[in-house]
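Written out below as structure tokens is the structure these notes cover.
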Amino acid sequence: MPRPISTPPLSASAVSAPNRQDRQAHVGVHAQRQAGKVWVGVVLPVGKITCEQMRALARIARELGDGDLRLTVWQNLLISGIAQENAELVERCLQEIGLTSRASSIRAGLIACTGNTGCKFALSNTKGTATAIAEWVEPRLALDTPINIHLTGCPHSCAQHYIGDIGMLACRVPVDASGEDTVEGFHVYVGGGFGPDAGIGRELYRDVKAQDCPQLIELILKAYLVRRSDGTETFLAFARRHEAGALRRMVDAVGTRGAA
């Protein structure tokens with residue numbers, strides 16, 4: 001038999017860390033490789049857009065960009081080939097049709113599948129709940145780091161709840177002893193990731209009524225801001241640093257202080 005070939009280990013200088021992703025790079029204004037050109041990431045509210053807005057975006061792309069509209073996995077889109085001096089004009093045009101290229105950390109990473117308004121498998125209104133989360137949380141806390149919140153309507157996980165910082169899987173929550181009468185709700189997971197941070201989220205709360213989800217997400221994020229190790233610790237690192245029981249106690253403590 002041929003002898004195995006032994007390969008000497010690489011020196012530390014020959015090894016580099018994997019590229020880290022800019023998790024908000026899909027929104028806002030960014031320079032292109034072409035000098036003097038930028039592309040603009042447009043925020044679509046939980047991936048929803050009207051026919052009128054689509055036609056207006058086509059006009060913006062044609063008149064101020066290179067004519068292209070590019071889709072992203074984050075349910076937003078990009079307009080490319082814009083002259084740098086026209087970036088503010090593009091933003092004004094977007095605002096005139098009810099859109100923007102600017103988003104908080106909450107909205108920039110908020111993903112929702114079709115939900116039960118358009119899918120027979122979904123158990124809850126994912127887009128409605130996602131919108132309610134953004135509208136409730138944004139005025140109540142300022143988040144200074146990116147956060148991905150993924151809401152999916154069934155175990156098919158089209159919105160990939162298992163790899164979100166916070167993942168939410170739709171369910172029916174019993175409201176009587178028999179369990180026959182139910183309302184829309186979600187199971188809540190934390191600590192999922194992808195790429196260099198790949199990992200499956202862990203269940204933190206089960207059978208949360210949809211109407212209670214915005215307040216719960218607020219408390220989870222407030223617990224993170226209060227208990228993170230320092231200002232650079234991401235939510236993902238924070239969630240993975242603690243067991244589910246400890247995280248629940250932190251969230252409950254924040255809720256108790258708020259009630260007081």
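Some points to look at:
- Looking only at segment 93-138, and only at residues there that are touching a residue at least 60 places away in the same chain (Cβ under 8 Å), more than 30 Å from TRP39 (Cβ to Cβ) and of a type in the set (A, V, I, L, M), the one that is surrounded by the fewest Cβ atoms within 10 Å (Cβ to Cβ): ALA132
- If the condition is being surrounded by fewer than 19 Cβ atoms within 10 Å (Cβ to Cβ), touching a helix residue (DSSP H, G or I) at 6+ places or on another chain (Cβ under 8 Å) and closer than 16 Å to ALA103 by Cβ, then segment 64-88 contributes no residue at all.
- Residue list for segment 109-124, restricted to those being aliphatic (A, V, I, L, M) and modelled with pLDDT under 95: LEU110, ILE111
- The helices (runs of 4 or more DSSP H) found wholly in segment 73-161 and carrying at least 2 residues that are within 15 Å of the chain's Cα centre (by Cα) occupy 105-108, 126-137.
- Restricting segment 230-256 to residues that are β-branched (Val, Ile, Thr) and part of a loop (DSSP other than H, G, I, E, B), the residue that is modelled with the highest pLDDT is THR234.
- Output for segment 187-201, where each listed residue is out of contact with any Lys or Arg (no Cβ under 9 Å at 6 or more places or on another chain) and either surrounded by fewer than 16 Cβ atoms within 10 Å (Cβ to Cβ) or assigned to a strand (DSSP E or B) (or both): PHE194, ALA198, ILE200
- Screening GLN21 with (1) at pLDDT below 95; (2) surrounded by 15 or more Cβ atoms within 10 Å (Cβ to Cβ) gives one miss only, at (2).
- Selection from segment 203-214 of residues that are surrounded by 17 or more Cβ atoms within 10 Å (Cβ to Cβ) and not small (Gly, Ala, Ser): LEU204, TYR205, VAL208, CYS213, PRO214
- Note on segment 162-192: among residues that are over 19 Å from the mean Cα position of the chain (by Cα) and of a type in the set (Asp, Glu), the one that is nearest to ALA112 (Cα to Cα) is GLU184.
- Within segment 217-257, the set of residues being small (Gly, Ala, Ser) and within 20 Å of ASP144 (Cβ to Cβ) comprises ALA223, SER229, GLY231, ALA237, ALA239.
- Segment 151-192: number of residues that are modelled with pLDDT under 95 and charged (D, E, K, R): 3
- Looking only at segment 144-186, residues that are crowded, with 18+ Cβ neighbours inside 10 Å and either under 14 Å from ILE133 (Cβ atoms) or of a type outside the set (A, V, I, L, M) (or both) come to 24 in all.
The values are calculated or read from the model by the stated rules, or taken from the named source; none is laboratory data. Note that the coordinates shown come from a computational prediction; the quantities given were computed from them, not determined experimentally. Reconstructed Cβ throughout: ideal geometry from the backbone, glycine too, with neighbour counts over all protein chains shown.
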